[in-house]
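Undergrad: Sharing a structure, written as C-alpha cells. Questions coming.
The values are calculated or read from the model by the stated rules, or taken from the named source; none is laboratory data. Worth saying up front: this structure is predicted, and the values here are computed from it rather than measured. Every residue, glycine as well, gets a Cβ built from its backbone with ideal geometry; the counts of neighbours run over all protein chains shown.
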Amino acid sequence: MAAERRTARVARETKETRVEVTLDIDGAGRASAKTGIGMLDHLVEQIGKHGLFDLEVSASGDLHVDEHHTVEDVGIAIGQALDRALGDRRGIVRMADALVPLDEALAQVAVDISGRPYCSVEAAWTLDRIGELPASLVEHLLGAIAAEAKLTLHARVLKGENDHHRAEAMCKALGRALCAATRVDPRRAGDVPSTKGTLGG
C-alpha cells in the first residue's frame, strides 16, 4: 500500500498581510513564490527546490510600510505548513545537516525536528539590503520557520564575499537539511524517533 503523502495548506490573513502556502513534503522540488519581494521569492524557492518539496507561496502585504511583516508572515506560514504536513513525525530521520557551497560562499545548516523551536543564525552581511530584502530579515525568516515548524535550526555562513551568495547558500543548505531530516526511514517501522516516545517538546 502506498504511503500517505504529507501535505498541508495554510492560509494566514492579518491586517498587515495575506499569505497562502501549499506544501507537499514528498514532492519533486517544484517551488514557486510570489511575495512582492524578489529576493524573498528567490530564497523561498531555494528551500523548496533543494528540499525536494512541492512548495507554493503567495503573499501580499503592507510593503508601503516595509518588508518586515511580509517576511515574518511568510516564514510563519511555511513553518506551520511543515508542522502540519509532518504530523506526529513517525518514522522520520529527524536530525540532519548540510554543507553547501555557492561559488565563493559556503554555508552550513543543521536541523532537529525535535518539537522544540530554536534558531541560531551566524551570518555577516556586507550591505543593508540584498536586492529588495533587508539583510537582517534573512535571520528573521529562518527564525519564523523554526518557531512554527517546532524545530531546532542552526545556520552559519562559513565563507563568502557576496551577500546574495551567502543568503542563497544558507537557504539551499536549509532545504537540503530538511530534505534529509524529513525523510521516512523504513528501519524505524513507523516509530517516533525519540526515546521519550513523542516529539512534542
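Undergrad: In the set Arg176, Arg187, which member is in a helix (DSSP H, G or I), at pLDDT below 95, at negative phi and of a type in the set (D, E, K, R)?
TA: Details: Arg176 fails: at pLDDT below 95.
Just one listed residue meets the conditions, Arg187.
Conditions (1) under 18 Å from Arg156 (Cβ atoms); (2) at pLDDT below 95; (3) not small (Gly, Ala, Ser), marked per residue:
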{"position": "Ile47", "(1), (2), (3)": "yes, no, yes"}
{"position": "Phe53", "(1), (2), (3)": "no, no, yes"}
{"position": "Leu63", "(1), (2), (3)": "no, yes, yes"}
{"position": "Gly75", "(1), (2), (3)": "no, no, no"}
{"position": "Leu106", "(1), (2), (3)": "yes, no, yes"}
{"position": "Val111", "(1), (2), (3)": "yes, no, yes"}
{"position": "Cys119", "(1), (2), (3)": "yes, no, yes"}
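Rundown of residues vs (1) more than 15 Å from the chain's Cα centre (by Cα); (2) closer than 21 Å to Gly143 by Cβ, yes/no style:
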{"position": "Ala28", "(1), (2)": "yes, no"}
{"position": "Ser32", "(1), (2)": "no, no"}
{"position": "Lys49", "(1), (2)": "no, no"}
{"position": "Leu55", "(1), (2)": "no, yes"}
{"position": "Asp66", "(1), (2)": "yes, yes"}
{"position": "Glu72", "(1), (2)": "no, yes"}
{"position": "Ile76", "(1), (2)": "no, yes"}
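This table checks each residue for (1) on the phi < 0 side of the Ramachandran plot; (2) surrounded by fewer than 20 Cβ atoms within 10 Å (Cβ to Cβ); (3) over 11 Å from the mean Cα position of the chain (by Cα); (4) not aromatic (Phe, Trp, Tyr).
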| position | (1), (2), (3), (4) |
| --- | --- |
| Ala124 | yes, yes, yes, yes |
| Asp128 | yes, yes, yes, yes |
| Glu132 | yes, yes, yes, yes |
| Leu137 | yes, no, yes, yes |
| Leu141 | yes, no, no, yes |
| Ala144 | yes, no, no, yes |
| Glu148 | yes, no, no, yes |
| His154 | yes, yes, yes, yes |
| Asn162 | yes, yes, yes, yes |
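Undergrad: Considering region 92-122 alone, what residues qualify as being on the phi < 0 side of the Ramachandran plot and of a type in the set (D, E, K, R)?
TA: Asp97, Glu104, Asp112, Arg116, Glu122
Undergrad: Quick one: which residue in Arg84, Arg90 is among the basic types (Lys, Arg) and either part of a helix (DSSP H, G or I) or surrounded by 22 or more Cβ atoms within 10 Å (Cβ to Cβ) (or both)? Walk me through how you get there before you give the answer.
TA: Numbers: Arg90 fails: either part of a helix (DSSP H, G or I) or surrounded by 22 or more Cβ atoms within 10 Å (Cβ to Cβ) (or both).
Of the residues listed, the single one that is among the basic types (Lys, Arg) and either part of a helix (DSSP H, G or I) or surrounded by 22 or more Cβ atoms within 10 Å (Cβ to Cβ) (or both) is Arg84.
Undergrad: Within region 115-135, can one find any residue that is part of a helix (DSSP H, G or I) and either farther than 17 Å from Asp97 by Cα or among the hydrophobic types (A, V, I, L, M, F, W, C) (or both)?
TA: No, region 115-135 contains no residue that is part of a helix (DSSP H, G or I) and either farther than 17 Å from Asp97 by Cα or among the hydrophobic types (A, V, I, L, M, F, W, C) (or both).
Undergrad: Restricting to region 49-66, name every residue that is out of contact with any strand residue (DSSP E or B) (no Cβ under 6 Å at 6 or more places or on another chain) and surrounded by fewer than 23 Cβ atoms within 10 Å (Cβ to Cβ).
TA: His50, Leu52, Asp62, Leu63, His64, Val65, Asp66
Undergrad: Given the conditions (1) in contact with a helix residue (DSSP H, G or I) (Cβ under 8 Å, 6 or more places away or on another chain); (2) at pLDDT below 95, and given that Met95 satisfies all but one, which numbered condition is not satisfied?
TA: (2)
Undergrad: Looking only at residues that are over 21 Å from Cys171 (Cα atoms) and without any contact (Cβ under 8 Å) to a residue 24 or more places away in the chain in region 12-48, which one is surrounded by the most Cβ atoms within 10 Å (Cβ to Cβ)?
TA: If we take residues in region 12-48 being over 21 Å from Cys171 (Cα atoms) and without any contact (Cβ under 8 Å) to a residue 24 or more places away in the chain, then Glu13 is surrounded by the most Cβ atoms within 10 Å (Cβ to Cβ).
Undergrad: Quick one: count up the residues across region 19-70 that are in contact with a Gly (Cβ under 6 Å, 6 or more places away or on another chain) and β-branched (Val, Ile, Thr).
TA: Looking only at that region, the number is 2.
Undergrad: If a residue has to be within 16 Å of Ala107 (Cα to Cα) and hydrophobic (A, V, I, L, M, F, W, C) to count, how many in region 121-140 make the cut?
TA: 6
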